[in-house]
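What follows is a single structure, written as structure tokens, with notes after it.
The values are calculated or read from the model by the stated rules, or taken from the named source; none is laboratory data. All figures in this text were calculated on a predicted structure; none of them were measured in a lab. When we count neighbours, we look across all protein chains shown, and the Cβ atoms used for this are built from the backbone with ideal geometry, even at glycine.
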Amino acid sequence: MRKLEWTLAIALLAIVAGFPLFQAAHEAVVDKEIPHVFDVFRIAPSKESLHRWDDNSKDRSVFAKWLRPVTLQFRYDMLGEMAPKSVKGEEDWLFYNQDVDYLLQPPYTDERFYKGTFDTLIAGKRVNLRNPLVAMEDFRDRLKARGIELLLVPIPGKPSIYPEKLWHGIQGQPPSPTLALLEDLRKRGFNVANLFDPLLKAKASGASQLYLKRDTHWTPQGMEVAAEALAGRIKEMIPDPDTAAVLEPRDSLVSKPRYMVKDTAVDRWGDIAEMTKVPDRKKIWSLERVTASQVSDAQTGKPYQDDPASSILWLGDSFSRIYQTDAPGSAGVIAHVAYLLNRPLASIVNDGGASTVVRQQLGRRGELLKGKKLVVWTFVERDLRFGSRGWQVQELP
Amino acid sequence: MDSMKKSALLLALLIPFAACKEKAPANSGAASPEANAPAAMPAKPPVEGELVMTARLEEISGSFPANDLYNYAYVMKYKVLQVSKGTYTDPDILVGHYNPRIAREDIKDEQDAKVGGNVKSFAVGDVHYLVLSPLDGLWTGSVEDDYFKDKRPRWWALWADKAK
């Protein structure tokens, strides 16, 4: 019995110590570096530095690098299961876990949303920065003090428009918490744009597919529906929609089209398919071919370009980047809104960073606020819960 | 007696750790003299860039996000040790590293041609040989940058070698 205990204890110790020892030996011999494990003794211990050290250990682990793909492939082959970030839907559709979680978990109006957070004192007011309304109100008021209007645009995630592709048993259209937010914002005097209605209407009318099957983003057709709704909303906010007289006096005599569009085919590899990290993913799923309309200058034929001096500043995330700086270029929502308004926009775009990072970047590029009449702040709805760096209050330059 | 054995065992475990201890980071207040010494630089930069320098990684603000959904550049602060090409006069510099959770040599995507070197992971206190170009011209994607109050230009690390 004693022998068995010793054997088990030694086996356990060998497993516990064996992997780090093997890793350290590998780094010392193969990489010719001081093993990463010793870094923990030379960094100033803080929550962040220890997290980084821990992440580094996982990222560098030779054993994990070997085992992870094997396990992921095995789990997919045997169970059809994918990495924790992806959800398999119907008919080869894939969904991003956070997009789904956002719809299922308590919204910002529910006290459970604030579990584990604490209040902050800002300008004598006790607020919880987890609540996106705090940053939104602050940003609106700062802009208003400079005579600039704010238009808030939450972009629906894929499961809000295609819930039946997540699971065929979902009947009807489950309401996204964002619809309640839009209502709340309206009551608080915000200018908002509702993209749910036009996208659901386009879907009901049998329009082409509005979101990519294996990507978190919209197709060019979905994007164009949104661009049309947004251009219409911007024109509503600016009293003189047909000329540039209110937006840009210097352009008031320009009435002929400034831009033209030309269709081009694009092959998209889905970001959710990539996220699964399943080694055979490129064999399991294919590229999606879509047709995007590139916007170019009607006079010169050059692709659409922002104008930092424009009176409209666009803040956005990857929904503004796709087709715009990605292939084919100049065919994203910014170019299309510019096309519909017949004038260029200024923009700051940061993948996943629309909740706070774009406003931080605006802080560094204060010159972009010069001459602005309107800021259009777009963000994907899941960021209301999962926004990178939360919804921080940010000073303007 | 038991406690003596335990102490001896603990000491035996700690000695190699202490022996391996690298130079302290600048913000620890205990930087060793050799930490400020420029590391050996190759005669010719491995890639073309506007600035070539050795610099000590002084600060990493926050933690690196996972590379689940987006590729990104993460801006870190370096203390400049020696500039071997180009003109740079500030004592520190803000450098954006592409997807810092991935070893430089393991980056095989469309940024492959713009990212090189032997750095496997980033730790405060490490001395790097850097070839840099302005970030704005090279990268239009996501930038994780906690130095948003600092208006100086950001640099993109075309090459990052860990100085031995």
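Here are some residues: B:Tyr78, B:Tyr129, B:Tyr74. Which one is away from chain A (no Cβ under 14 Å), out of contact with any Lys or Arg (no Cβ under 6 Å at 6 or more places or on another chain), closer than 17 Å to B:Asp146 by Cα and among the aromatic types (Phe, Trp, Tyr)? Steps first, please.
Values: B:Tyr129 fails: closer than 17 Å to B:Asp146 by Cα; B:Tyr74 fails: away from chain A (no Cβ under 14 Å).
Testing whether each residue is away from chain A (no Cβ under 14 Å), out of contact with any Lys or Arg (no Cβ under 6 Å at 6 or more places or on another chain), closer than 17 Å to B:Asp146 by Cα and among the aromatic types (Phe, Trp, Tyr) leaves just B:Tyr78.
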Among the residues of segment A:316-331, is any crowded, with 23+ Cβ neighbours inside 10 Å, of a type outside the set (Phe, Trp, Tyr) and more than 14 Å from chain B (Cβ to nearest Cβ)?
yes
Residue hits (segment A:344-397; touching a residue at least 40 places away in the same chain (Cβ under 8 Å), among the charged types (D, E, K, R) and under 20 Å from A:Phe319 (Cα atoms)) are A:Arg359, A:Glu381, A:Arg382, A:Asp383, A:Arg385
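Quick check: is even one residue across segment A:138-147 assigned to a helix (DSSP H, G or I), in contact (Cβ under 8 Å) with a residue 60 or more places away in the chain and either surrounded by fewer than 20 Cβ atoms within 10 Å (Cβ to Cβ) or outside the structural domain of A:Thr219 (by TED's automatic domain parsing) (or both)?
Of all residues in segment A:138-147, those assigned to a helix (DSSP H, G or I) come to A:138-144.
From the residues that got through so far, the ones that are in contact (Cβ under 8 Å) with a residue 60 or more places away in the chain too are A:138-139, A:142-143.
Now narrow it down to the ones that are either surrounded by fewer than 20 Cβ atoms within 10 Å (Cβ to Cβ) or outside the structural domain of A:Thr219 (by TED's automatic domain parsing) (or both): A:142-143.
Yes; the residues of segment A:138-147 include at least one that is assigned to a helix (DSSP H, G or I), in contact (Cβ under 8 Å) with a residue 60 or more places away in the chain and either surrounded by fewer than 20 Cβ atoms within 10 Å (Cβ to Cβ) or outside the structural domain of A:Thr219 (by TED's automatic domain parsing) (or both).
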Kindly indicate whether any position in segment A:316-333 is over 12 Å from the mean Cα position of the chain (by Cα) and within 22 Å of A:Arg140 (Cα to Cα).
no
When (1) in contact (Cβ under 8 Å) with a residue 12 or more places away in the chain; (2) within 14 Å of another protein chain (Cβ to nearest Cβ); (3) surrounded by fewer than 22 Cβ atoms within 10 Å (Cβ to Cβ) are applied to A:Glu274, the one that fails is (1)
Check segment A:326-343 and report whether any residue there is hydroxyl-bearing (Ser, Thr, Tyr), assigned to a loop (DSSP other than H, G, I, E, B) and touching a residue at least 40 places away in the same chain (Cβ under 8 Å).
no
For segment A:81-95, state whether one or more residues are out of contact with any Phe, Trp or Tyr (no Cβ under 8 Å at 6 or more places or on another chain), over 18 Å from A:Pro279 (Cα atoms), crowded, with 17+ Cβ neighbours inside 10 Å and in the same structural domain as A:Trp167 (by TED's automatic domain parsing).
no
Tell me, which residue of segment B:89-136 that is touching a residue at least 12 places away in the same chain (Cβ under 8 Å) and in a helix (DSSP H, G or I) is farthest from A:Arg364 (Cα to Cα)?
B:Glu105
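Based on what the data block shows, is B:Ala73 within 17 Å of the chain's Cα centre (by Cα), assigned to a loop (DSSP other than H, G, I, E, B) and within 25 Å of A:His36 (Cα to Cα)? Walk me through it before giving the result.
Numbers: within 17 Å of the chain's Cα centre (by Cα): yes; assigned to a loop (DSSP other than H, G, I, E, B): no; within 25 Å of A:His36 (Cα to Cα): yes.
No, not satisfied.
Going by what's in this entry, would A:Asp326 be described as out of contact with any Asp or Glu (no Cβ under 8 Å at 6 or more places or on another chain) and of a type in the set (Asp, Glu)? Walk me through it before giving the result.
Values: out of contact with any Asp or Glu (no Cβ under 8 Å at 6 or more places or on another chain): yes; of a type in the set (Asp, Glu): yes.
Judged against the criteria, A:Asp326 is a match.
Considering only residues that are polar (S, T, N, Q) and surrounded by fewer than 20 Cβ atoms within 10 Å (Cβ to Cβ), look in segment B:99-123 and name the one that is nearest to B:Asp161 (Cα to Cα). Full working, then the answer.
Filtering segment B:99-123 down to residues polar (S, T, N, Q) leaves B:99, B:111, B:118, B:121.
Now narrow it down to the ones that are surrounded by fewer than 20 Cβ atoms within 10 Å (Cβ to Cβ): B:111, B:118.
Values: B:Gln111: 17, B:Asn118: 5 Å.
If we take residues in segment B:99-123 being polar (S, T, N, Q) and surrounded by fewer than 20 Cβ atoms within 10 Å (Cβ to Cβ), then B:Asn118 is nearest to B:Asp161 (Cα to Cα).
Condition check: closer than 30 Å to B:Glu59 by Cα and crowded, with 16+ Cβ neighbours inside 10 Å. Does A:Asp119 satisfy that? Can you show your working first?
Values: closer than 30 Å to B:Glu59 by Cα: yes; crowded, with 16+ Cβ neighbours inside 10 Å: no.
Taking the combined requirement at face value, the residue does not satisfy it.
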Residue in segment B:114-143 that is nearest to B:Gly96 (Cα to Cα), counting only those that are modelled with pLDDT of 90 or more and among the charged types (D, E, K, R):
B:Lys114
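Assess whether A:Ser208 counts as being within 21 Å of the chain's Cα centre (by Cα) and either in the same structural domain as A:Arg268 (by TED's automatic domain parsing) or surrounded by 14 or more Cβ atoms within 10 Å (Cβ to Cβ) (or both).
On the way: within 21 Å of the chain's Cα centre (by Cα): no; either in the same structural domain as A:Arg268 (by TED's automatic domain parsing) or surrounded by 14 or more Cβ atoms within 10 Å (Cβ to Cβ) (or both): yes.
Taking the combined requirement at face value, the residue does not satisfy it.
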